[in-house]
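The values are calculated or read from the model by the stated rules, or taken from the named source; none is laboratory data. Only a predicted model underlies this, so the values are computations on that prediction, with no experimental measurement involved. For neighbour counting, all protein chains shown are included, and Cβ atoms are generated from backbone atoms with ideal geometry for every residue, glycine included. Please note that ligands, DNA and RNA were not included when accessible areas were found on the heavy atoms of the full protein model with its side chains. Shrake-Rupley method; radii C 1.70, N 1.55, O 1.52, S 1.80 Å.
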Amino acid sequence: MITEHALLPVIAGREAEFEAAFDHARLIIASMPGFISLSLSRSIETPNTYLLLVEWDSLEDHTVGFRGSREYQQWRGLLHRFYEPFPLVEHYESVSSGRTTAGN
């Protein structure tokens, strides 16, 4: 499993429009082979910056499967107009993880 990481710099003042478009776009990416999960978070300090984390079965599921698909063209059409500048996307492999449990 790999995690796609992208900081999304949304044009200031278009955050609500971006979030509405993302609600539709997430259904597109969620339908792709190899997709596991995603989360979209909004920065507290810089409210027009979002953190997108997407988990894929493999790097190729994202870079070849999704990016080479018709669905990616729909994703681009919905979201890429909101970014300034265009986001850097990187991929990560887990080396350690953990969670705390309530009461411990």
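Centre-to-centre, using Cα atoms only, region 9-29 and region 32-76 are separated by 12 Å.
Net charge near ALA12, counting Lys/Arg +1 and Asp/Glu -1 over other residues with Cβ under 15 Å of its Cβ?
Details: positive: ARG14, ARG42, ARG81; negative: GLU15, GLU17, GLU19, GLU45, GLU84.
Local net charge: -2.
Hey, could you grab the Kirkwood Rh for the chain? Inverse mean 1/r over distinct alpha carbon pairs, Å, one decimal. Mind showing how you got there, number by number?
On the way: mean 1/r = 0.0681 Å⁻¹.
Kirkwood hydrodynamic radius for the chain: 14.7 Å.
At a 1.4 Å probe, what is the % contribution of carbon and sulfur to the accessible area of the chain? The partial results should precede the final answer.
On the way: 3490 of 6640 Å².
In the chain, the share of accessible area belonging to carbon and sulfur is 53 percent.
Note on ARG67 and HIS5: the model spin-label points, each 7 Å out from Cα along the C-beta direction, lie 1.7 nm apart.
Rolled with a 1.4 Å probe across the full set of protein chains, the surface gives ILE11 an accessible area near 60 Å². Please check which bits of region 45-64 a label hung off SER31 would reach, taking the label as a point 7 Å along Cα-to-C-beta and the cut-off as backbone N under 20 Å. Residues 54-57, 61-64 fall inside that zone.
With both labels modelled 7 Å from their Cα along Cα-to-Cβ, the ARG42 to SER96 distance reads 3.3 nm.
Based on protein heavy atoms only, region 1-66 ends up with 51 Å² per residue of surface accessible to a 1.4 Å probe. In percent, rounded to a whole number, the relative contact order of region 1-89 is 46, using alpha-carbon pairs under 8 Å and six or more apart.
Stretching the chain fully between SER58 and GLU17 yields a gain of 11.7 nm (0.36 nm per residue, less the alpha carbon separation).
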